[in-house]
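What follows is a set of notes on a single structure, which appears directly below.
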Amino acid sequence: MQKRIQYLDIIKVISIFLVVFCHFVLLSETVPANILMVACWSGVPMFFMVNGALLFTRPLKLEKHIRKTILIYIVLVAWRLIYLFTVGPLCQISPLGFGRNQILTYLFTFGSLDGIGTGHLWFIEALLAVYLVFPLFRIAWDHQAGRKIILFFAAFGILMTNGLTGLQMLLDALCAKGLIGVYSLEGLEILNPFGTYANMLGFFLFGAWLHTAGTFKNSLTAQRLLGLLLSAAGLLGMWGVKWYTSKNPAWDGILLVQGYRHLPVVLLAAGIFLACRGLKIRNRAINAAVTAVASRTLGIYYLHWIFGWMLVPYMALLFSGFNIGTNLLKTVALIIPAFLLTLLLEKIPVIKHLVTG
């Protein structure tokens, strides 16, 4: 069994916490709540960076990788089926109300069914897309020229999504002030060979590069300071984007549109990654807890969605008002049962693949 890398485990724990924090929100309309919510957009990109860091530093066994990719698809289909018969009834929607073709499309081609909330599964779909092209990049990784190509595609994928989004926002702002006419960059999407998930492929490749690059200025202190500065710039930038788009500096109950496609999230995710890189946990109990959660983030990711629909409506009735504390409590209340059920399921043959991939 491959030895775990502590700082990557730390990043995974931060990431799953951010992901669960921004689902089933119990927050008041305050500026700190808004800042915390925009921070959550770094969670999924960091998951991709960790995956890249791990996969690019392991030998490529093509047959094993193909089996793993197929398994990701099968598990995704299985969870879509589980959600159909759990989230559906919890939302008072009967699976019998859908036609056969609707259900087949929903299960096997990533379609949607009215009332069956599965929007969070886009992460697994993106991961599947990245796994499909990974062998090509992994083969190139062992060559100096190949690594330069990989870095180019990492930058290209992020710029063709996050960069174009930022540039379009700038053009729209100038247009709104009457300084220029209407310009749309939508046609440039044709130059993006990786389509919808190009930025996630970029984060995946970027994570491999950051993981294997030398320490910044040969100093962990300098590297962590750089990471903190990038994180702060990214966080303030994301807050600024949300403020600009919603015209409100406080949390307004509405998620940022295309939150993963804004440039500041790149700074935030990279900053947290650099700040954490090389971190070691001295306390054995804390290290054991971090490892336990980090090794079960997939199960927590899938299961917290069901517990959210089960528990949060009742939790909301317990509070006279919402704030950051109530949302933190909700986050812990979803992670703990999802973690415990993952522990149980991973001991059952075949079923364990639902939570271990």
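So, in segment 67-92, of the ones that are within 15 Å of Trp305 (Cβ to Cβ) and of a type in the set (A, V, I, L, M), which residue ends up nearest to the chain's Cα centre (by Cα)? Within segment 67-92, the match that is nearest to the chain's Cα centre (by Cα) is Leu76. From the list Ala269, Ala289, the lone residue that is free of Cβ contacts under 8 Å to residues at least 60 places away in the same chain and either closer than 23 Å to Met169 by Cα or small (Gly, Ala, Ser) (or both) is Ala289. Tell me, please, whether a residue that is charged (D, E, K, R) and either touching a strand residue (DSSP E or B) at 6+ places or on another chain (Cβ under 7 Å) or surrounded by 15 or more Cβ atoms within 10 Å (Cβ to Cβ) (or both) can be found in segment 279-286. The answer is no; no qualifying residue exists. Being in contact (Cβ under 8 Å) with a residue 24 or more places away in the chain and surrounded by fewer than 16 Cβ atoms within 10 Å (Cβ to Cβ) is the filter here; which residues of segment 211-235 pass it? Matches in segment 211-235: Thr212, Thr215, Leu220, Leu228, Leu229, Ala232, Ala233. The condition of being over 30 Å from Leu132 (Cβ atoms), hydrophobic (A, V, I, L, M, F, W, C) and out of contact with any helix residue (DSSP H, G or I) (no Cβ under 7 Å at 6 or more places or on another chain) holds for only one of Leu228, Leu236, that being Leu236.
The requirement of being buried (at least 19 other Cβ atoms within 10 Å of the Cβ) and under 23 Å from the mean Cα position of the chain (by Cα) is fulfilled somewhere in segment 99-108, by at least one residue. Counting the residues of segment 229-254 that are more than 20 Å from the chain's Cα centre (by Cα) and under 30 Å from Phe56 (Cβ atoms) gives 1.
Among the conditions (1) closer than 30 Å to Ile82 by Cβ; (2) of a type in the set (A, V, I, L, M, F, W, C); (3) buried (at least 21 other Cβ atoms within 10 Å of the Cβ), Leu274 misses just one, which is (1).
Residue under question is Ala288, and the condition is that it be modelled with pLDDT of 95 or more and either under 26 Å from Phe322 (Cβ atoms) or in contact with a helix residue (DSSP H, G or I) (Cβ under 8 Å, 6 or more places away or on another chain) (or both); does it hold? For Ala288, the condition - modelled with pLDDT of 95 or more and either under 26 Å from Phe322 (Cβ atoms) or in contact with a helix residue (DSSP H, G or I) (Cβ under 8 Å, 6 or more places away or on another chain) (or both) - is not met.
Of the residues making up segment 249-266, those that are touching a residue at least 24 places away in the same chain (Cβ under 8 Å) and assigned to a loop (DSSP other than H, G, I, E, B) are Pro249, Ala250, Trp251, Asp252, Gly253, Leu255, Leu256, Gln258, His262. Residue selection: Glu189 fails the criterion of being of a type outside the set (A, V, I, L, M, F, W, C) and either in contact with a Ser or Thr (Cβ under 7 Å, 6 or more places away or on another chain) or under 30 Å from Phe85 (Cα atoms) (or both).
Every residue, every condition in (1) of a type in the set (Lys, Arg); (2) surrounded by 15 or more Cβ atoms within 10 Å (Cβ to Cβ); (3) over 22 Å from Arg80 (Cβ atoms); (4) modelled with pLDDT of 95 or more, yes or no:
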residue	(1), (2), (3), (4)
Tyr302	no, yes, no, yes
Trp305	no, yes, no, yes
Ala333	no, yes, yes, yes
Lys347	yes, no, yes, yes
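Scanning segment 15-29 for residues that are buried (at least 17 other Cβ atoms within 10 Å of the Cβ) and touching a residue at least 60 places away in the same chain (Cβ under 8 Å) yields Ser15, Ile16, Phe17, Val19, Val20, Phe21, Cys22, His23, Phe24, Val25, Leu26, Leu27.
Here is a yes/no grid of residues against (1) closer than 25 Å to Gly119 by Cβ; (2) acidic (Asp, Glu); (3) touching a His at 6+ places or on another chain (Cβ under 9 Å):
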residue	(1), (2), (3)
Ala213	no, no, no
Thr221	no, no, no
Val241	yes, no, yes
Ser246	yes, no, no
Gly253	yes, no, no
Leu256	yes, no, yes
His262	yes, no, no
Val265	yes, no, no
Ala269	yes, no, no
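The values are calculated or read from the model by the stated rules, or taken from the named source; none is laboratory data. Computed from a predicted model, the values in this text were never measured in an experiment. As a convention, Cβ positions derive from the backbone with ideal geometry for all residues, glycine included, and neighbour counts pool all protein chains shown.
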